[in-house]
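**Q** Below is the structure I would like to discuss, written out as structure tokens.
The values are calculated or read from the model by the stated rules, or taken from the named source; none is laboratory data. Computed from a prediction, not measured in an experiment: that's the story for all the values here. Every residue, glycine among them, receives a Cβ derived from its backbone with ideal geometry; neighbour counts consider all protein chains shown. Surface areas here come from the heavy atoms of the whole protein model, side chains and all, with no ligands, DNA or RNA. Shrake-Rupley method; radii C 1.70, N 1.55, O 1.52, S 1.80 Å.
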Amino acid sequence: MDVPAPLRLAIDDDALAANWRAMARLSRDAACGAAVKADGYGLGARHVVRVLAAAGCRDFFVATWSEVAAIADLIAGHDLRLSVLHGVRDEDMAAATTLPARPVLNTPQQVARWREGGGGRACDVMVDTGMHRLGVAAGDVAGGLLAGLAIDTLMSHLACADEPSPMNMVQRDALAALAGSTDAVRLSLANSAGVTLGRDYRFGLTRPGLALYGGEPCAALSGVVRQVVRPQAQILQRRCVRAGGAVGYNATWTAPVDTEVAILNLGYADGYLRGFSGRGAARCDDARLPVIGRVSMDLTAIDVTNAAHLAEGDWVEIDYHLPSAAAASGLSQYELLTGLGIRFDRRAA
Ligand SMILES: *Cc1c(COP(=O)(O)O)cnc(C)c1O
């Protein structure tokens, strides 16, 4: 039975495609890919791949092989390339030699595993240039660790792309120094913020994620990136709370005067975390409707004194412009996207 959800995530496909085109323009001569891990940063990976492939994107990145399985039919036979950032474990080998994706090899063990069982298939390789997260050592690459592998992209990942850190140049130079030391078709370094750091950071392929979905990791992208997701919640009840009455768990908010309050079908189980308590807001037309009291698991209260017409069953939009929502809630823009829960009905804006 198809039961209409009381919670929607309006996804603006035009903005999503426009954001990719903007990042592709900023990438200049480099190809521009798209990170679609974590279910397309919470939007739905299948939908994101369809929209971005239509916009012209050819290179996609997920974290794991189960994420490949979820979109495999959209990749195979469509002239698209998919890479798996976490590489390949023993238990991934069956998937990795069947599904239309290649591993990003991260460790000498993964390199050995792929050499042994990969049947000569193509791979990518991650080099650690100072973030000390995933990747083989640059010295090992220079020393021949990758000899004989069919490498498409030799990549590294910036630790501080969203700030003017001297580490950016160190990482860029460490990757550039590996040019020509392997048979890799191309090099790649930049995530969303990295694309803005200049020509020497773009190499042959860029890998934006956050900016495609409306995030602004650095000032250079504000005004470039458009908002993509807008949560919308339905009003379950409207009531007047008399002066002195309290709202929500632990009675953290008390009405200073008689206040019109609407209770929304939205809470921390949907990814609207408690950092929005007393700090977030909804919108209706031009009225800002502040969150009052504590966000609970499934419910959030807002002050609707300035929206006389709003009634039970009506919908309001939640303020989710990512940079401002991050500042209000104390959450990162990445957390705000990837936390969006399964109870949202994801639909076209
Ligand atoms: C997630 C990820 C990206 C995308 O990063 P954003 O900051 O979202 O643009 C690029 N490269 C790698 C290796 C990643 O893990």
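**Q** Scan (1) assigned to a loop (DSSP other than H, G, I, E, B); (2) within 29 Å of Gly44 (Cα to Cα); (3) touching a Leu at 6+ places or on another chain (Cβ under 9 Å); (4) more than 14 Å from the ligand (Cβ to nearest atom) for the single condition Leu146 breaks and write down its number.
**A** (2)
**Q** Determine which single condition Gly341 fails, assuming it passes every other condition in (1) open to solvent by 70 Å² or more (accessible area, probe 1.4 Å); (2) closer than 23 Å to Asp13 by Cβ.
**A** (1)
**Q** From Ala262, Ala251, Ala328, Ala255, grab the single residue that is of a type in the set (A, V, I, L, M, F, W, C) and under 25 Å from Val228 (Cβ atoms). Before you say what the answer is, go through the steps one by one.
**A** On the way: Ala262 fails: under 25 Å from Val228 (Cβ atoms); Ala251 fails: under 25 Å from Val228 (Cβ atoms); Ala255 fails: under 25 Å from Val228 (Cβ atoms).
Result: Ala328 is the single residue among Ala262, Ala251, Ala328, Ala255 that is of a type in the set (A, V, I, L, M, F, W, C) and under 25 Å from Val228 (Cβ atoms).
**Q** Somewhere in the stretch 107-119, is a residue under 28 Å from Thr338 (Cβ atoms) and assigned to a loop (DSSP other than H, G, I, E, B)?
**A** Looking only at the stretch 107-119, we keep the residues that are under 28 Å from Thr338 (Cβ atoms), and these are 107, 110.
Applying the additional criterion that residues be assigned to a loop (DSSP other than H, G, I, E, B) yields 107.
Within the stretch 107-119, one or more residues are under 28 Å from Thr338 (Cβ atoms) and assigned to a loop (DSSP other than H, G, I, E, B).
**Q** Turning to a different aspect of this structure: When you go through Arg46, Arg50, Arg81 one by one, which is the residue that is within 16 Å of the ligand (Cβ to nearest atom) and open to solvent by 10 Å² or more (accessible area, probe 1.4 Å)? Show your work before the answer.
**A** Values: Arg46 fails: within 16 Å of the ligand (Cβ to nearest atom); Arg50 fails: within 16 Å of the ligand (Cβ to nearest atom).
Every option except Arg81 fails the conditions.
**Q** Scan (1) open to solvent by less than 20 Å² (accessible area, probe 1.4 Å); (2) touching a His at 6+ places or on another chain (Cβ under 8 Å) for the single condition Leu154 breaks and write down its number.
**A** Going through (1) open to solvent by less than 20 Å² (accessible area, probe 1.4 Å); (2) touching a His at 6+ places or on another chain (Cβ under 8 Å) one by one, Leu154 breaks only (2).
**Q** Something else: When you go through Ala287, Ala255, Ala269, Ala243 one by one, which is the residue that is hydrophobic (A, V, I, L, M, F, W, C) and buried (at least 18 other Cβ atoms within 10 Å of the Cβ)?
**A** Details: Ala287 fails: buried (at least 18 other Cβ atoms within 10 Å of the Cβ); Ala269 fails: buried (at least 18 other Cβ atoms within 10 Å of the Cβ); Ala243 fails: buried (at least 18 other Cβ atoms within 10 Å of the Cβ).
So the residue among Ala287, Ala255, Ala269, Ala243 that is hydrophobic (A, V, I, L, M, F, W, C) and buried (at least 18 other Cβ atoms within 10 Å of the Cβ) is Ala255.
**Q** On to the next question. Identify, please: which residue in the stretch 188-219 is away from the ligand (no atom under 13 Å from the Cβ) and outside any loop (DSSP other than H, G, I, E, B) and is, among those, surrounded by the most Cβ atoms within 10 Å (Cβ to Cβ)?
**A** Residue satisfying both the conditions and the ranking: Asp200.
**Q** When only residues in the stretch 307-332 that are hydroxyl-bearing (Ser, Thr, Tyr) and out of contact with any strand residue (DSSP E or B) (no Cβ under 7 Å at 6 or more places or on another chain) count, which is farthest from Arg279 (Cα to Cα)? Can you show your working first?
**A** At the first step, the residues of the stretch 307-332 found to be hydroxyl-bearing (Ser, Thr, Tyr) are 320, 324, 329, 332.
If we keep only those that are out of contact with any strand residue (DSSP E or B) (no Cβ under 7 Å at 6 or more places or on another chain) too, we end up with 324, 329, 332.
Values: Ser324: 11, Ser329: 7, Ser332: 15 Å.
Out of the qualifying residues, it is Ser332.
**Q** Conditions: (1) free of Cβ contacts under 8 Å to residues at least 12 places away in the same chain; (2) not in a loop (DSSP other than H, G, I, E, B). His309 meets all but one. Number of the miss?
**A** Going through (1) free of Cβ contacts under 8 Å to residues at least 12 places away in the same chain; (2) not in a loop (DSSP other than H, G, I, E, B) one by one, His309 breaks only (2).
One line per residue, one yes/no per condition, for (1) closer than 23 Å to Ser324 by Cα; (2) at pLDDT 95 or above; (3) polar (S, T, N, Q); (4) in a loop (DSSP other than H, G, I, E, B):
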position	(1), (2), (3), (4)
Gly223	yes, no, no, yes
Arg226	yes, yes, no, yes
Gln232	yes, yes, yes, no
Leu236	no, yes, no, no
Val257	no, yes, no, yes
Glu260	no, yes, no, no
Arg288	yes, yes, no, no
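**Q** Take the residues in the stretch 120-143 that are assigned to a loop (DSSP other than H, G, I, E, B) and within 13 Å of the ligand (Cβ to nearest atom); name whichever of them is surrounded by the most Cβ atoms within 10 Å (Cβ to Cβ). Before the answer, list the steps.
**A** Narrowing the stretch 120-143 to residues assigned to a loop (DSSP other than H, G, I, E, B): 120-122, 129-135, 143.
Subsequent filtering for residues that are within 13 Å of the ligand (Cβ to nearest atom) retains 129, 131, 133-135.
Working: Thr129: 25, Met131: 15, Arg133: 10, Leu134: 18, Gly135: 23.
Checked the stretch 120-143; the qualifying residue surrounded by the most Cβ atoms within 10 Å (Cβ to Cβ) is Thr129.
**Q** How about the stretch 299-326: which of its residues are open to solvent by 20 Å² or more (accessible area, probe 1.4 Å), hydroxyl-bearing (Ser, Thr, Tyr) and within 15 Å of Ala262 (Cβ to Cβ)?
**A** Passing the criteria: only Thr305.
**Q** Within the bounds of the stretch 70-77, is there any residue that is in contact with an Asp or Glu (Cβ under 6 Å, 6 or more places away or on another chain), under 24 Å from Ala190 (Cα atoms), in contact (Cβ under 8 Å) with a residue 24 or more places away in the chain and surrounded by 18 or more Cβ atoms within 10 Å (Cβ to Cβ)?
**A** From the stretch 70-77, those in contact with an Asp or Glu (Cβ under 6 Å, 6 or more places away or on another chain) are none; that's our starting set.
Within the stretch 70-77, not a single residue is in contact with an Asp or Glu (Cβ under 6 Å, 6 or more places away or on another chain), under 24 Å from Ala190 (Cα atoms), in contact (Cβ under 8 Å) with a residue 24 or more places away in the chain and surrounded by 18 or more Cβ atoms within 10 Å (Cβ to Cβ).
**Q** From the list Ala150, Ala138, exactly one residue is under 19 Å from Asp200 (Cα atoms) and not aromatic (Phe, Trp, Tyr). Which is it? Step through it out loud before you land on a result.
**A** Values: Ala150 fails: under 19 Å from Asp200 (Cα atoms).
Just one listed residue meets the conditions, Ala138.
**Q** Okay, next question. Being without any contact (Cβ under 8 Å) to a residue 40 or more places away in the chain and of a type outside the set (A, V, I, L, M, F, W, C) is the filter; apply it to the stretch 220-240 and report the residue that is least open to solvent (accessible area, probe 1.4 Å). Give the derivation first.
**A** So the first thing to find is which residues in the stretch 220-240 are without any contact (Cβ under 8 Å) to a residue 40 or more places away in the chain, and the list is 220-221, 223, 239-240.
Among the residues that remain, those that are also of a type outside the set (A, V, I, L, M, F, W, C) are: 223, 239.
On the way: Gly223: 80, Arg239: 103 Å².
Checked the stretch 220-240; the qualifying residue least open to solvent (accessible area, probe 1.4 Å) is Gly223.
**Q** When you scan the stretch 159-166, do you find a residue that is under 30 Å from the mean Cα position of the chain (by Cα) and touching a residue at least 60 places away in the same chain (Cβ under 8 Å), even just one? Outline the logic, then answer.
**A** Restricting attention to the stretch 159-166, the residues satisfying the condition of being under 30 Å from the mean Cα position of the chain (by Cα) are 159-166.
Add one more test, that the residue is touching a residue at least 60 places away in the same chain (Cβ under 8 Å), and what stays is none.
Looking through the stretch 159-166, none of the residues is under 30 Å from the mean Cα position of the chain (by Cα) and touching a residue at least 60 places away in the same chain (Cβ under 8 Å).
**Q** So, Gly143, is that one more than 25 Å from the chain's Cα centre (by Cα) and touching a residue at least 12 places away in the same chain (Cβ under 8 Å) or not?
**A** Numbers: more than 25 Å from the chain's Cα centre (by Cα): yes; touching a residue at least 12 places away in the same chain (Cβ under 8 Å): no.
No, not satisfied.
**Q** All but one of (1) within 27 Å of the chain's Cα centre (by Cα); (2) touching a residue at least 24 places away in the same chain (Cβ under 8 Å); (3) open to solvent by 30 Å² or more (accessible area, probe 1.4 Å) hold for Glu91, so report the exception by its number.
**A** Every listed condition holds for Glu91 apart from (2).
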